[in-house]
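**Student:** Here it is, the structure, as structure tokens.
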Amino acid sequence: MSKNQYELIINNNNVSHENGSFFKAGAFQIKVNETLYKVDFKRIKHEVYYVIYNDDQEIVRLTHPDYVPECEFSELNRYLNNEDAQALFAALCRCQVSIKKEYLKWLEDNQSAVFSYSIFQPVFL
């Protein structure tokens, strides 16, 4: 049995490998270039969040219902001061964590924007 419950590898917007089932409320990792980002689903007080970390530093906390920052998709890299931000959110949209219609439409309308990333979710049950 694999140590991962879900694995997805996207190269230049194309699926090169996908295996398993993704569970939205489970922790997972996204690798962009050589950088590994951790994504945790957390309950803090009475709110639920997805929190993205790089080297144990919180990059952004995403809130219900759309789980995206308060910016347009095209502004993500600048808004989060991270050159991987658009690829991260392409990954989050792909696994249906980030569901803002404008983000999904931007990805659909801008297929010339090429993203490569991997999503790994360890077995946790």
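Where a number appears in this text, it was derived from the coordinates with a stated rule and is not lab data. What you see is a predicted model, and the numbers here were worked out from it, not measured in a lab. Cβ: placed from backbone, ideal geometry, glycine included. Neighbour counts: every protein chain shown.
**Student:** Would you please name the GluC sites (Glu not before Pro) within the stretch 1-76 that are DSSP coil residues with at most 13 other C-beta atoms within 10 Å of their C-beta?
**Tutor:** Numbers: sites: E7, E18, E34, E47, E58, E70, E72, E75; in loops: E34, E70, E72.
In loop regions of the stretch 1-76 (DSSP not H, G, I, E or B), the sparsely surrounded GluC sites (Glu not before Pro) are E34, E70, E72.
**Student:** For the stretch 54-125, which chymotrypsin sites (Phe, Trp or Tyr not before Pro) are both in a DSSP coil and crowded by at most 11 other Cβ atoms within 10 Å? Write down the numbers at each step before the final one.
**Tutor:** Values: sites: Y67, F73, Y79, F89, Y103, W106, F115, Y117, F120, F124; in loops: Y67, F115, F124.
Those satisfying the criteria are F124.
**Student:** Related question: Full extension from V51 to D66: what is 0.36 nm times the residue separation minus their Cα-Cα distance, to one decimal in nm?
**Tutor:** Working: separation 15, 0.36 × 15 = 5.40 nm, distance 1.33 nm.
4.1 nm is the gain from fully extending V51 to D66.
**Student:** Can you return the lysines within cross-link range of K3? Criterion is Cα-Cα under 22 Å, with same-chain partners fewer than 8 residues away left out.
**Tutor:** K24, K31, K38
**Student:** What size of dipole, in debye to the nearest 20, comes out for the chain about its Cα centre when the only charges are +1 on Lys and Arg C-beta atoms and -1 on Asp and Glu C-beta atoms?
**Tutor:** Numbers: 13 positive and 17 negative charges, 95 e Å.
Rounded to the nearest 20 debye, it is 460 debye.
**Student:** A further question follows. Taking a ≥ b ≥ c as the square roots of the eigenvalues of the Cα gyration tensor of the stretch 4-122, is the shape rounded (a/c under 1.5), prolate (a/b larger than b/c) or oblate?
**Tutor:** rounded
**Student:** Loop only by DSSP, 13 or fewer other Cβ within 10 Å of the Cβ. Give me the trypsin sites (Lys or Arg not before Pro) in the stretch 1-74 that pass, ordered by residue number. If you can, show how the numbers build up before the last one.
**Tutor:** Values: sites: K3, K24, K31, K38, K42, R43, K45, R61; in loops: K3, K24, K45.
Passing sites in the stretch 1-74 are K3, K24, K45.
**Student:** Roughly speaking, what is the centre-to-centre gap between the stretch 56-72 and the stretch 1-54 when only Cα atoms are used, to the nearest Å?
**Tutor:** 14
**Student:** Starting from the Cα of Q96, step 7 Å toward the Cβ, then list every residue of the stretch 9-44 with an amide N under 15 Å from that point.
**Tutor:** Under cut-off, by backbone N: 20-26.
**Student:** Output ³J(HN,Hα) for the stretch 30-42: one whole-Hz value per residue in order, computed from phi by the Karplus curve 6.51 cos²θ - 1.76 cosθ + 1.60 with θ = phi - 60°, and x for Gly and Pro.
**Tutor:** Karplus values, whole Hz, x for Gly and Pro: 10, 10, 10, 6, 9, 9, 9, 10, 9, 10, 10, 9, 10.
**Student:** Return the FRET efficiency for the residue pair I44, E75: r is the Cβ-Cβ distance, R0 is 22 Å, and the value is rounded to the nearest 0.05. If you can, show how the numbers build up before the last one.
**Tutor:** Working: r = 26 Å, r/R0 = 1.18.
Approximately 0.25, to the nearest 0.05.
**Student:** Among all the aspartates and glutamates, which ones have a C-alpha under 14 Å from K105's C-alpha, if same-chain residues fewer than 8 places away are not counted?
**Tutor:** D66, E72
**Student:** I would also like to ask the following. Grab the other residues whose beta carbon is less than 12 angstrom from that of Q96, score K and R as +1, D and E as -1, and report the net. Intermediate values should be presented prior to the final figure.
**Tutor:** Numbers: positive: K24, R94, K100; negative: D66.
Around Q96, the charge tally is +2.
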